[in-house]
Amino acid sequence: MSIIKGKHSSKYGTTILFNDEEITIARGQTWGYRGSGPRELAHTILLAATNDINIAQKLHYKYFEKVTSHFPKDKEWSLSIEEVLEWIKINKDQKIFKGRRHLLNNGTTITIDGVDLQIPSDYPGVGTMHTNDLNYGYNGQGPRELAIAILSHVLDDYDRVEALYKDFGREITQTLPDKWELSEDEVLDWVNDREGVIQLFSAEDNIVKTTCKELGITQKELAEQIGAAEQTVRGWSSGKDLPQWAVKSFEMLIKIHEQNELVETVTKLHKILSKRNK
């Protein structure tokens, strides 16, 4: 039975192993929180289980949402490839949301996988909502409650739904045309983009420190990479406001770092899988 596991390393932070062969090293935590580390880990696990980069790319954000972000942060873990494949079998078909406006009476039909979409009955405050009046395409209560309904069926955390639904309504449900379709992946992509900065750059670990941690570099090296003075970066780290260009630069550096680590992981996995298949 093939096993993929994560363990703590005093030198690097954490190490991911496939059948006891190292496939990736991370300087910081790579599980048990919402950030780029667990997203990379989700991709690695799915790739190890399937040897199919398309499946890994398609399902990694959902696997991050449901699995790797929930691993105990301070504990080691292991999964059999059979467990991962069973998860893929259950979750490969994504939810589909559809809406259609009736031209005669201006009413709407909104569904999830062919069934009328509703806000979950255990959602906080649902009793005060007009849950039968979900709507879209304008600025009002109907599109806002549609945003709640869609996000509630995609995310497991109602606190996150509360934090996101106003923006989702303004950017998505208020702008939908008379006939539309949204996949679960499209909703998760929006959530990922929206939460990327929120989760990586929280008040708990400021932007400069978080970026240095993710990249495994010093503040001096970070300053060199973005073409800023070291004193300026240290000032940001101490609490001074960052310009938007600096935030965008940090985001881009992290994305490039993630892609480079992914290439390295794919190469290592390919070698391991090739040996296993001989």
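The values are calculated or read from the model by the stated rules, or taken from the named source; none is laboratory data. Predicted, not measured: the structure shown is a model, and the values here were computed from it. Note that each Cβ is placed from the backbone with ideal geometry, even for glycine, and that neighbours are counted across all protein chains shown.
Among the candidates SER69, SER78, which residue alone is surrounded by 19 or more Cβ atoms within 10 Å (Cβ to Cβ) and in contact with a Lys or Arg (Cβ under 6 Å, 6 or more places away or on another chain)? Give the derivation first.
Details: SER78 fails: surrounded by 19 or more Cβ atoms within 10 Å (Cβ to Cβ).
The conditions single out SER69.
Run down THR218, THR210 and say which single residue is farther than 22 Å from ARG39 by Cα, among the β-branched types (Val, Ile, Thr) and at pLDDT 80 or above.
Working: THR210 fails: farther than 22 Å from ARG39 by Cα.
The unique qualifying residue is THR218.
All but one of (1) without any contact (Cβ under 8 Å) to a residue 12 or more places away in the chain; (2) not in a helix (DSSP H, G or I) hold for TRP245; state the number of the condition that does not hold.
(2)
Of all residues in segment 233-250, which are more than 12 Å from CYS212 (Cβ to Cβ) and touching a helix residue (DSSP H, G or I) at 6+ places or on another chain (Cβ under 7 Å)? If you could, list the steps in order and put the result at the bottom.
Just the residues of segment 233-250 that are more than 12 Å from CYS212 (Cβ to Cβ), to begin with: 235, 238-249.
Across segment 233-250, the qualifying residues are LEU242, ALA246, VAL247, SER249.
Name the pairs: first residue in segment 104-119 and in the same structural domain as LEU155 (by TED's automatic domain parsing), second residue surrounded by 10 or more Cβ atoms within 10 Å (Cβ to Cβ) and among the aromatic types (Phe, Trp, Tyr), Cβ to Cβ under 6 Å, at least 6 apart or on different chains?
ILE112/PHE97
Within segment 51-71, is even one residue within 19 Å of VAL266 (Cα to Cα), at pLDDT below 80 and part of a helix (DSSP H, G or I)? Let's see the steps before the verdict.
At the first step, the residues of segment 51-71 found to be within 19 Å of VAL266 (Cα to Cα) are 51-61, 63-64, 68.
Adding the requirement that they be at pLDDT below 80 leaves none.
The answer is no; no qualifying residue exists.
Among the residues that make up segment 252-269, is at least one of them in contact (Cβ under 8 Å) with a residue 40 or more places away in the chain, farther than 30 Å from ILE3 by Cβ and in a helix (DSSP H, G or I)? Reasoning before the result, please.
Going through segment 252-269, the residues in contact (Cβ under 8 Å) with a residue 40 or more places away in the chain turn out to be 253-254, 257-258, 261-262, 264-266, 268-269.
Retained after the next criterion (residues that are farther than 30 Å from ILE3 by Cβ): 253.
When the remaining residues are screened for being in a helix (DSSP H, G or I), the result is 253.
Yes, there is a match, as at least one residue in segment 252-269 is in contact (Cβ under 8 Å) with a residue 40 or more places away in the chain, farther than 30 Å from ILE3 by Cβ and in a helix (DSSP H, G or I).
Quick one: would you say GLU40 is among the acidic types (Asp, Glu), out of contact with any Leu (no Cβ under 8 Å at 6 or more places or on another chain) and at pLDDT below 85? Write out each step before concluding.
On the way: among the acidic types (Asp, Glu): yes; out of contact with any Leu (no Cβ under 8 Å at 6 or more places or on another chain): no; at pLDDT below 85: yes.
Criteria not met by GLU40.
If you scan segment 74-130, which residues turn out to be basic (Lys, Arg) and either in contact with an Asp or Glu (Cβ under 6 Å, 6 or more places away or on another chain) or modelled with pLDDT under 90 (or both)?
Keep residues of segment 74-130 that are basic (Lys, Arg), which gives 75, 89, 92, 95, 98, 100-101.
LYS75, LYS92, LYS95, LYS98, ARG101, listed by residue number.
Hey, does segment 227-241 have a residue that's charged (D, E, K, R) and buried (at least 16 other Cβ atoms within 10 Å of the Cβ)?
No - not one qualifying residue is present in segment 227-241.
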